[in-house]
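Data block below; observations after.
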Amino acid sequence: MEPMYYIGLDVHKRKISYCVKDGSGRIHAEGSISATRLDLDHWMKRLPQPWSAAMEATMFTGWIYDHLKPHAAVLKVAHPLMLRAIAAAKKKNDRIDAGKICDCLRCDFLPESYMASTAIRERRRTLRYRNLLVRQMVQMKIKTSALLMEAGVSYNKQRLHKAGYFRELLASNPDIDEGLSSLLRLCRETVVRLGKTESALVRSLERDSSLTERVERLMTIPAVGPITALTWALEVGDVQRFSSIKKAVSYCGLCGAEKSSGNTVQRTPLSKQRNKHLQTTLIEAAKMAPRNSPELAMLYDKEKQKGNANRATLAVARKLVAYLVAVDRGQRNFQIAETSSHIAA
C-alpha cells in the first residue's frame, strides 16, 4: 500500500499557502502559489501520489474544492470556528497556518465542515442573491417614504407602493416639486425592476428538476411556502447529516448555547453559531404559521402563556424544523395523525 501524503492549504483571495507532509510528519514541500486554476494545475502535477488535502472554510473555498476534488484521494473542509488554535497562537502566519491544518488532517483531528454538492451550492447562490434583491427592495420602499416625509407630504401608508395610487399621488399633490418627483419615480422604477428580477429567480428555482419534487413535498407542511421550502432544501443540503432534530434546531439557530459546571446548567440567548439564512426564514414563517395550522396555533398560545410572543414564535419555529426534518427524511408528504399531534412518518 502506497504511503499517503497530507496537504494543508491556507486559502486567500490571491494566494494559497501549502504544506505537504508524510504520515510521520516530515515536511516534503511548502510554499505558496497564486490562487488561479492554471497555477493549481501546475502545482498538482508536482505533488507526490496519493495525497489528501484540507483547507479552512472561506468564501474562496468552493471553487478550489471543486477544482481539487477529482485529483485528491480525500479532500476536507475545516470548520473555521473550531480552528481557533491557529488564530490564538503567539506566532501566526500563512506558512504556520498551512502546517497546522496539515497536522490536524494527518492526525485525524480536523474539525470537518459539511460541504454541499456543487449543484446545491450553485442554486443556493441564486437563492441568496434573491434575498439580496428583497432587502434592496425594502430599502427603496423605506427611502420612498422617507423622501415624502422630508418634504412634509401626506400619503396613505398602506397604498403608497400600489402603482395606481403612486401615479395619482405624483400627479395631484402640489407639495411634490419636480426634483422630488424625479427621485420618487427613480425609487419606484428600482422597486419594480427588482421585483421582476426576484420573481424570475424564484420561478427558475421552482422549475428546477432537481428541486421540484422535494420542494413540493416540503410545501405540504402548513405555513411552509415556496421560499421556506427552497431555503430549507438549499441551505440544509443532505438532511441525513442531522442525526437528531435537536442538531437541526441548533444548526438553524433556534436555541441558545449551554454552559454547565457541576450541577449548574445555564442557557444563553440564541447562539450566533447558526445558519442565518435559515434562522431568518424560519422565524418569519413561524410568525405566520398559527394562521394556517390549528396545531401550531395551540402551541403558540401555550408557549405565550408561559412567557412572551418571542418565546412562542421560537417554539413554533422549532416545531416547523421537526416537521421539515421528518418530511424530508421520510420523503413522504406531511400528515397529522388523527390520535396525536405527531406527524405520520
Checklist entry - So which residues in region 109-137 are of a type in the set (G, A, S), assigned to a helix (DSSP H, G or I) and under 13 Å from the mean Cα position of the chain (by Cα), if there are any at all? => result none
Checklist entry - Mind checking whether some residue in region 263-276 is in contact with a helix residue (DSSP H, G or I) (Cβ under 6 Å, 6 or more places away or on another chain), at pLDDT 90 or above, assigned to a helix (DSSP H, G or I) and assigned by TED's automatic domain parsing to the domain that holds G225? => result no
Next on the checklist: Among the residues in region 174-189, are any part of a helix (DSSP H, G or I), within 32 Å of the chain's Cα centre (by Cα) and surrounded by 15 or more Cβ atoms within 10 Å (Cβ to Cβ)?
Outcome noted: yes
Next on the checklist: Residues that are in contact with a Gly (Cβ under 8 Å, 6 or more places away or on another chain), at pLDDT 90 or above, over 26 Å from H28 (Cα atoms) and surrounded by 14 or more Cβ atoms within 10 Å (Cβ to Cβ): does region 110-118 have at least one?
Outcome noted: yes
Checklist entry - Among the residues of region 111-137, which ones are touching a residue at least 24 places away in the same chain (Cβ under 8 Å) and among the charged types (D, E, K, R)? => result E112, R121, R123, R124, R128, R130
Checklist entry - Is it true that H67 is in contact with a Ser or Thr (Cβ under 8 Å, 6 or more places away or on another chain) and farther than 19 Å from P3 by Cα? => result no
Item to check | Neighbours by Cβ (under 7 Å, 6+ apart or cross-chain): first from region 36-54, closer than 19 Å to G99 by Cβ; second among the charged types (D, E, K, R) and surrounded by 14 or more Cβ atoms within 10 Å (Cβ to Cβ) | outcome: A54/K76
Checklist entry - Name the residues in region 247-262 that are assigned to a helix (DSSP H, G or I) and either among the acidic types (D, E) or in contact with a Lys or Arg (Cβ under 8 Å, 6 or more places away or on another chain) (or both), would you? => result V249, S250, Y251
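The values are calculated or read from the model by the stated rules, or taken from the named source; none is laboratory data. This is a predicted model, so every value here is computed, not measured. Glycine also receives a Cβ, built like all others from the backbone with ideal geometry; neighbour counts cover every protein chain displayed.
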